[in-house]
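The structure under discussion appears below in the form of structure tokens.
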Amino acid sequence: MISLMQINFNLNLKAAYAWAPMPKLTQAPNVAIATLWADALKVEGIDASVQRQYLSGVAGELPPDQCLPEVWIQDAAQEPRARELLYHLQHVPQRRWQCVCGELVEGGFEQCWACGAWMPN
């Protein structure tokens, strides 16, 4: 038989878990970038969400830096991994390579925009 004390403890534990703080990873320059980062984290199994995505319309009424979209995660235990993945998303290596068709391809592109050939290894 379950005692009233056990039920109360379980309810308090569930309430504490429901209000566990979500870690904020970063602010993004715009909603598109924030959404890309959150989606990339989700692909890697990290429950991420974009917060403040609708505040751009009140910039000026509120300080602009307070209106930027933010990427948050649900589980604080995943924060180190999420920060590492976010670092790699923010620091994509920039390359410059000559395609076989003669086109100079710059930036993070691995495929030629002119002919579709892939970057050589």
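So the values come out like this:
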read-out: Hits in the range 45-72 - residues which are of a type outside the set (Gly, Ala, Ser), surrounded by 13 or more Cβ atoms within 10 Å (Cβ to Cβ) and more than 8 Å from the chain's Cα centre (by Cα); value: 46, 47, 51, 52, 53, 55, 67, 68, 69, 70
read-out: Single residue of 69, 63 found to be touching a strand residue (DSSP E or B) at 6+ places or on another chain (Cβ under 6 Å), closer than 30 Å to residue 49 by Cα and in the same structural domain as residue 21 (by TED's automatic domain parsing); value: 69
read-out: Condition met for residue 43 (modelled with pLDDT of 95 or more and either out of contact with any His (no Cβ under 7 Å at 6 or more places or on another chain) or of a type in the set (A, V, I, L, M) (or both)); value: yes
read-out: Yes/no for residue 37 being touching a Lys or Arg at 6+ places or on another chain (Cβ under 6 Å) and modelled with pLDDT of 95 or more; value: no
read-out: Residues located in the range 90-121, provided they are in a loop (DSSP other than H, G, I, E, B) and charged (D, E, K, R); value: 103, 110
read-out: Failed condition for residue 86, given (1) in contact (Cβ under 8 Å) with a residue 60 or more places away in the chain; (2) outside the structural domain of residue 29 (by TED's automatic domain parsing); value: (2)
read-out: Which listed residue is of a type outside the set (Val, Ile, Thr) and surrounded by fewer than 12 Cβ atoms within 10 Å (Cβ to Cβ), from 86, 104; value: 104
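The values are calculated or read from the model by the stated rules, or taken from the named source; none is laboratory data. Note that this is a predicted model, so its numbers are computed, not measured. For neighbour counting, all protein chains shown are included, and Cβ atoms are generated from backbone atoms with ideal geometry for every residue, glycine included.
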